[in-house]
Every structure is written in C-alpha cells, then in structure tokens.
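Report on one structure; see the data block that follows.
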Amino acid sequence: MAFDIADYGLTAAGSDAVRPFTVEGLDVRGRAVALGPMLNQILDRHDYPAPVARLLGEAIVLTALLGTALKFDGRFTLQTQSDGPVSMLVVDFSAPDAIRAYARYEAEAFGPGKIGESADPATLLGRGHLAMTIDQGKHMQRYQGMVELDGVSLEEVARRYFTRSEQIPTEVRLAVGRLFTRREGQAPGEAWTAGGILVQFLPDAPERMKQADLHAGDMPEGTEAHAVDEDDAWMEAKSLVTTVRDDELTDPEITVERLLFRLFHERGVRMFDAQPILDRCRCSRDKIEAILVNFSPEEKAEMNENGKIVVTCEFCSTRYEFKADAV
C-alpha cells in the first residue's frame, strides 16, 4: 500500500527528531527517531575511532528515545562504566530537546591490526554496568536504575532494564551507519546517520502486561516463575518491530513515518507531534569557574600552567582559560 504523509495531515519529522506514536489496536505506545546532522556534530567533534563512534551513536539514539518521554523539565542520563577499551559512555538529555555526549576510551586499542569497526559491544565495553538516571530538579528525588553489562548489545540492555526494573514489556531496535557524501567542488566524505524505534506494551488491564513478557529468565530476582501465556497483541507488536532492518533506520530516504506505516498500518498507528533533538551542551564559563573556586590551593597549583588554568569541556570540547590568581 502506498504511503503519502500529506494524506494524514502530517509533516515529515525529518532528521534529528523523535516521533511519538501509539497503536491502539495492539495496546502499545512508542517513539521512533532519525538522527543526522546533530549526530555528526557530536561524533566529529571528538574524532573518535569508528567503533567508538558507532557505539556512542547507539547510546545517543537510545537516550533520545528515552529522554523525550520526560513530562517535566528535568534530565535523563545514560552512563556506562566498564573494564573494556571503551570504559565510559555518557549521554545527557536535558528536556525538552538538548543532548550532549562523550566516550572515554583507550586510544592504543584502536588502529590497523587492532579492534576493527565491526567490533561488538562485548569487545568494546567488556563487563560493568549501565545506569539510567532521571533528575527532576534539586527539590525532587533522583531516580536511578542499573543494568549489568555482560556482553550484550545496548538493545538488550534496554529490554532488560524495562522488564526487570519497570516491569514493562519493551522492544527496541537501534542502528548507526555511515553514508558516503560528495558535494560539487568538494572531496568525497562520509556522514554518520542513525535511527531507532522503541515500543512498550501498556494495556488497560494490568494483568495482561504482567503476562506478556515476564518469562522466568527475565523476572526480577526473588520472583517466583509461573506458567503464563504471552499476550497475542504484544507478541504481534514485538514480532513486527524485530523485522526492522538496519538500513531502514539509517537510510535518510526512509522517513520514520514511512517506517511506522509499514509496520502498523493494518492496526491503525496514530502519530503525534515530532520533538526536535539538538546538540547543545550545558557548560558555561560561570559554571566552570564556580567549580574551580572550590578546589584546594594545592589542586589549583597543580593545574596552574604559566599563570593560567585551562579547562576543556569533555562534552563539547569548549576550552575555558582563567587567570590562576583569579580563581
């Protein structure tokens, strides 16, 4: 069946935007995202090795899908700490639309004859944990959930998090790719592109949700396993999402609206206003200076280079210089 977004009174979300949706016929809700220029700005700023850039790109896609679900002016942070060559990923989303991100890695582990671009998360991350933190502001309690990193993909980590911590059956697909580009008068180049889709089963009857995806292997520790029949609606929704190919998520010609129509048009997908995603850091000269004044005289002396203290933001690479005697 042909799809024309204009027939539905919608404007294509385009790159760097999240499209929330529901499929009432299957009792699921979700979000789909496509990233392009914003992703390139973040990854190119640090000149990461390709495997690191791809992994951080997946983390950015996942954070965009989860962070845009916030219904308040707060922050959502995804962070890994592990013993692999990529020891840390940090992606920080500030509602309603700002993302910043960086990766910490061992540079000597990458290069010719070393870790290749197709390296899997188990090789890159090793073992450790992933934390998802929701900060609602200084007058509200923070919430943090943690998932073990034990050689699985970020997709699987997200599934485990929602099944075990939130007890919400969840399916997620993430993909990051590179496109070859060439503009008139310029040398050929490459550009990063990424996309993702997340669906969650939220029926009106709570007992259906509990039966949908909590088989013995995914139950929280201490929960007794019991035989249940998986809900047919959730099984259908999950099966449809697993058919999504990487190229459908990374091809700029395949819009999120077209993808959602392909998956759910028979059940009636309802799309909501797209939410833009921006590459925007929260650092500032005043914030950095406020941190420096709390350092001890010994710490400031160690940082002093020719009468200056220089601080570079790990997220956006902005360089701040201060006179040592002023802080």
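The values are calculated or read from the model by the stated rules, or taken from the named source; none is laboratory data. This one's a predicted model, so the numbers in the text were calculated from it and none came from an experiment. Ideal geometry is used to build each Cβ from the backbone, glycine not excepted, and the neighbour counts take in all protein chains shown.
At a glance:
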read-out: The one condition in (1) surrounded by 24 or more Cβ atoms within 10 Å (Cβ to Cβ); (2) part of a strand (DSSP E or B); (3) of a type in the set (Gly, Ala, Ser) that Ser87 fails to fulfil; value: (1)
read-out: The range 164-181, subset outside any strand (DSSP E or B), in contact with a strand residue (DSSP E or B) (Cβ under 7 Å, 6 or more places away or on another chain) and surrounded by fewer than 21 Cβ atoms within 10 Å (Cβ to Cβ), residue modelled with the lowest pLDDT; value: Ser165
read-out: The listed residue being in contact with a Leu (Cβ under 6 Å, 6 or more places away or on another chain) and outside any strand (DSSP E or B), out of Ala53, Ala103; value: Ala53
read-out: Any chance Phe110 is among the aromatic types (Phe, Trp, Tyr) and closer than 25 Å to Glu314 by Cα; value: yes
read-out: Single residue of Glu314, Glu289, Glu257 found to be surrounded by 15 or more Cβ atoms within 10 Å (Cβ to Cβ), outside the structural domain of Thr22 (by TED's automatic domain parsing) and in a helix (DSSP H, G or I); value: Glu289
read-out: Residue in the range 239-253 that is modelled with the lowest pLDDT, counting only those that are assigned to a loop (DSSP other than H, G, I, E, B) and either crowded, with 19+ Cβ neighbours inside 10 Å or under 20 Å from the mean Cα position of the chain (by Cα) (or both); value: Pro252
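The rows are residues; the columns are (1) at pLDDT below 95; (2) within 12 Å of Asp97 (Cα to Cα); (3) under 12 Å from the mean Cα position of the chain (by Cα); (4) not assigned by TED's automatic domain parsing to the domain that holds Leu125.
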position	(1), (2), (3), (4)
Leu55	no, no, yes, no
Val61	no, no, yes, no
Ala64	no, yes, yes, no
Leu70	yes, yes, no, no
Asp73	yes, yes, no, no
Phe76	no, yes, yes, no
Val86	no, no, no, no
